[in-house]
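K.L.:
Okay, handing you the structure first.
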Ligand SMILES: *Cc1c(COP(=O)(O)O)cnc(C)c1O
C-alpha cells in the first residue's frame, strides 16, 4: 500500500501526501504523520556521488509518493538554484572538533529557506493534483525566521496569499526589517503584542474556527500553513541529514555505516523531527541532540517526562528558539504512545488547558533516540567567542547553543558530531560581535554589521547590505485578539 498521511488525533482522518500539504494542519486539530516509515535503500557510497538536488529527489519521493519523480525534480530544480549562494546548497564544514552543516545560504540567511523555497512549488502541484482552484491563504506565526522565509517563497506566487504574525518585541532588528520591507502584493505582515506562543496559539485557533472557514469557502479561499506543522516543511528537511552523512563518507571523515550524533538547535521541534525521520529511514545517527536555550522546556521534558510551559519566558540572543510550546512534539508524542490518537489527544488537551502534561514511564522508554540539554546566555556567548578564537570560525547564537550542548555530550560519547548551523552570523550581528570582542557594544545591528565583517570569512550578502535603506511596506500592529478581524480585512471576506 502506498504511504499516506493520518492525523495524530483521528486515525480515520487519512489523506494523500499532497492533500496533507494543502491542508497544513488536520481539521481535527492534529498533525499529519506518515502511515508508515518508508523503506529506503540508502547506499551512502552511491549517495556520496550525488548532488544535493539528486539526493533530494530520492528522499522526497519516499515520503511524497503521489508526486511523480518528474514533478519533484521540477520543484527541486526551481527551489535549489542560484538563490542559494553556495552551489552545494548545504555545505559541510569542519571546525573546532565538530562538523557544521551550514543551512543558511538561502535568501533570508536562515535554515528555513531550505524547506520554504520549495514549499510553494509543492503546494502549487498539490493544488493541481487535487483539482483545487481555491486561493491558498498561508497563515504563519513566526519567531523571526519563518515569516521572512515564507514570504520570500510565496511572494507573487499566483493564487496564493500569505499573512505573517510576529511578536513585536521578540525578533531581532534585522529579522524585523527583513519582514517589514517585504515586497509582493500578496504578502501581509502584522506585529503582535505578545510572544511567539500567543501568535502561534491564535493561528491554530484561526485554522479551526468553523465560522471563519465557512466564510473562506464562500470566497473560494482555503487556509494552509507554512509552519513546520505542515509536512511539506518537514519532508524537504529530511534531505540534508542524508546529505550531511553522505559528505562525511565522501570526504573519508567516517567509515560508511559508522554512527554519528547530530546536534540541533531546537524551538518548534521541526528541524529535529526531520532528523528523527532521517534516522528511521536508516541514516546512522545514534543520538539526536535536542539543544535549547534558556527557554529549556524541552530539556526538562526529555530528562523528566514532564512537559510544563508554566515558567518564565526569556527573550534570548537566539530568538528563533524562544518558544515554550513546541508544536511538532505532538508528532513524537504520537509515536511514543504507539500511535494511540486518543491518548495523544488527551495529553494535548491537558497542555492546552493546564499548560502541562506527563508521559507514562513506558512512553519515556521510547526517548532513547534523543539526548537533551540547554545553554545559558553566558555559555552561548562564550561558545561564539571560543569558536572564533580557536578555529577562526564565526557562528551565530543559535548554532552556538547547539555547539555548547554538543560539547557537553562529546565528553561522554566519542562520536563524530554534526552541528546544524541554522543561521548566518550576519543575521545577529550585535550579539555575535559582542561575544567575539568580549565587551558590550552600543552598536545596533546595522552598525555592527560593518565591524563584524572583518571577523567573518565571507562577504556580506547583498540582501543584508541593502536592508537598512529599503522601503518599509508593512506597518500593522495589533493585539492577538484582533487577528481574526485583521485576516478578514486583508482577505476582504464577506
Ligand atoms: C526556527 C529556527 C530554529 C528552531 O527550529 P525548529 O524547527 O523550530 O526547532 C533554530 N535556529 C534558527 C536560526 C531558526 O530560525
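The values are calculated or read from the model by the stated rules, or taken from the named source; none is laboratory data. Remember, it's a predicted structure, so these values are computed and weren't measured experimentally. All Cβ positions, glycine included, derive from the backbone under ideal geometry; neighbour counts span all protein chains shown.
K.L.:
Considering each of 285, 238 in turn, give the residue that is within 15 Å of the chain's Cα centre (by Cα) and either away from the ligand (no atom under 16 Å from the Cβ) or buried (at least 24 other Cβ atoms within 10 Å of the Cβ) (or both).
P.N.:
From the options 285, 238, the qualifying one is 238.
K.L.:
Would you please name the residue that is nearest to the ligand (Cβ to nearest atom), looking only at residues in region 142-157 that are in contact with a helix residue (DSSP H, G or I) (Cβ under 8 Å, 6 or more places away or on another chain) and closer than 23 Å to residue 220 by Cα?
P.N.:
By that ranking, first place goes to 150.
K.L.:
Here are some residues: 233, 247, 213. Which one is under 24 Å from residue 63 (Cβ atoms), part of a helix (DSSP H, G or I) and more than 21 Å from the chain's Cα centre (by Cα)?
P.N.:
247
K.L.:
Ok, one more. Check 244, 217, 226, 199 and return the single one that is closer than 29 Å to residue 135 by Cβ and either more than 16 Å from the ligand (Cβ to nearest atom) or at pLDDT 95 or above (or both).
P.N.:
It is 217.
K.L.:
Among the residues of region 178-196 satisfying the criterion of being under 21 Å from the mean Cα position of the chain (by Cα) and within 25 Å of residue 114 (Cβ to Cβ), which is modelled with the lowest pLDDT?
P.N.:
Applying the filter and picking the extreme gives 196.
K.L.:
Regarding residue 62, is this residue in contact (Cβ under 8 Å) with a residue 40 or more places away in the chain, more than 14 Å from the ligand (Cβ to nearest atom), assigned to a helix (DSSP H, G or I) and under 18 Å from the mean Cα position of the chain (by Cα)?
P.N.:
no
K.L.:
Just one of the numbered conditions (1) part of a loop (DSSP other than H, G, I, E, B); (2) without any contact (Cβ under 8 Å) to a residue 40 or more places away in the chain; (3) in contact with a helix residue (DSSP H, G or I) (Cβ under 9 Å, 6 or more places away or on another chain) is not true of residue 72; which one?
P.N.:
Residue 72 satisfies all of (1) part of a loop (DSSP other than H, G, I, E, B); (2) without any contact (Cβ under 8 Å) to a residue 40 or more places away in the chain; (3) in contact with a helix residue (DSSP H, G or I) (Cβ under 9 Å, 6 or more places away or on another chain) except (1).
K.L.:
Residues in region 336-352: is at least one within 13 Å of the ligand (Cβ to nearest atom) and either assigned to a loop (DSSP other than H, G, I, E, B) or over 24 Å from residue 202 (Cα atoms) (or both)?
P.N.:
No, region 336-352 contains no residue that is within 13 Å of the ligand (Cβ to nearest atom) and either assigned to a loop (DSSP other than H, G, I, E, B) or over 24 Å from residue 202 (Cα atoms) (or both).
K.L.:
Out of the residues in region 422-457 that are part of a loop (DSSP other than H, G, I, E, B) and under 24 Å from the mean Cα position of the chain (by Cα), which is surrounded by the fewest Cβ atoms within 10 Å (Cβ to Cβ)?
P.N.:
Of everything passing the filter in region 422-457, 424 is surrounded by the fewest Cβ atoms within 10 Å (Cβ to Cβ).
K.L.:
Here's something else I'd like to know. From the set of residues in region 97-114 that are in a loop (DSSP other than H, G, I, E, B) and either surrounded by fewer than 24 Cβ atoms within 10 Å (Cβ to Cβ) or at negative phi (or both), which is farthest from the ligand (Cβ to nearest atom)?
P.N.:
Residue satisfying both the conditions and the ranking: 97.
K.L.:
With respect to residue 262, determine if the residue is within 16 Å of the ligand (Cβ to nearest atom), over 14 Å from the mean Cα position of the chain (by Cα), under 24 Å from residue 408 (Cβ atoms) and without any contact (Cβ under 8 Å) to a residue 40 or more places away in the chain.
P.N.:
no
K.L.:
With respect to residue 409, is the statement that it is modelled with pLDDT of 95 or more and more than 16 Å from the ligand (Cβ to nearest atom) true?
P.N.:
Criteria not met by residue 409.
K.L.:
Moving on. Are any residues in region 23-39 modelled with pLDDT of 95 or more and touching a helix residue (DSSP H, G or I) at 6+ places or on another chain (Cβ under 6 Å), and if so, which ones?
P.N.:
Hits for region 23-39 are 31, 32, 33, 37, 38.
K.L.:
Which condition does residue 206 not pass, out of (1) closer than 16 Å to residue 230 by Cβ; (2) under 18 Å from the mean Cα position of the chain (by Cα); (3) in a helix (DSSP H, G or I); (4) at pLDDT 90 or above, if it passes all the others?
P.N.:
If we test residue 206 against (1) closer than 16 Å to residue 230 by Cβ; (2) under 18 Å from the mean Cα position of the chain (by Cα); (3) in a helix (DSSP H, G or I); (4) at pLDDT 90 or above, just (2) comes out false.
K.L.:
Moving on. From the residues in region 387-406 that are away from the ligand (no atom under 16 Å from the Cβ) and part of a loop (DSSP other than H, G, I, E, B), which one is farthest from residue 249 (Cα to Cα)?
P.N.:
Here the answer is 392.
K.L.:
If residue 121 passes every condition in (1) free of Cβ contacts under 8 Å to residues at least 60 places away in the same chain; (2) in contact with a helix residue (DSSP H, G or I) (Cβ under 6 Å, 6 or more places away or on another chain); (3) more than 23 Å from residue 182 (Cα to Cα) but one, which one does it miss?
P.N.:
So the condition that residue 121 fails would be (3).
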